[in-house]
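First up is the structure itself, then whatever we jot down about it.
None of the figures in this text is laboratory data; all of them are computed from the coordinates on show. Keep in mind the model is a prediction, meaning the values are calculated, not measured. Cβ atoms come from the backbone with ideal geometry, glycine included; neighbour counts cover every protein chain shown.
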Amino acid sequence: MSSNVPFSGVVPPVVTPDTPDHQLDVVSFERSINRLIEAGVDGLFFLGSSGEVVFATDERRDQIVREAVRIVDHRVPVLVGIIDTQTERVLEHGRRALALGADALVATAPFYALGGPADIEEHFRILHQELDAPLFAYDIPVCVHTKLPWKMLAR
């Protein structure tokens, strides 16, 4: 997929399946991805809250993205969650996801040590400036304890 492809339609979050010993279940992952693509989705969102991103080590995140990109094989855009507690970590996740073949990135507001609205706006501004890819704001206040104001996102 080219990063200048317009995004639209149905882009579901993809669950990350585990084996009984807590490793990525690649067979089930591939089956799930192929089933979603065959059903006609317009893209796939990996490493969101359904993918249990906050519980994944950096190595596991990379493995999930690498396998997702391999399995999808340019059939639909791959959107990757780069969710973390602070901007520098989010940038690191974004750079790695892009290097592994992600078509777009999805970020929340930083969480845990949450600043005010100006800090959140600066977070998204930095991500937009530093990461050469389409960037989607993931508004999930139940997890990050803040609502993303649409006027701020429009700026």
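A cut-off of 5 Å between modelled amide H atoms, ignoring neighbours fewer than 5 places along the same chain, links Asp18 with Asp25. Just name one of Ile37, Val76, His93: the one whose Cα is farthest towards the positive end of the charge dipole of segment 23-134 (beta-carbon charges, Lys/Arg +1, Asp/Glu -1). Projecting each Cα onto the dipole axis, the largest value belongs to Ile37.
Given a Förster distance of 41 angstrom, what is the FRET efficiency for Gln23 paired with Ala118, based on the Cβ-Cβ distance and rounded to 0.05? The formula returns an efficiency of 0.50 here. R0 = 22 Å: FRET efficiency of Val15 with His74, Cβ-based, nearest 0.05? Efficiency for this residue pair is about 0.50.
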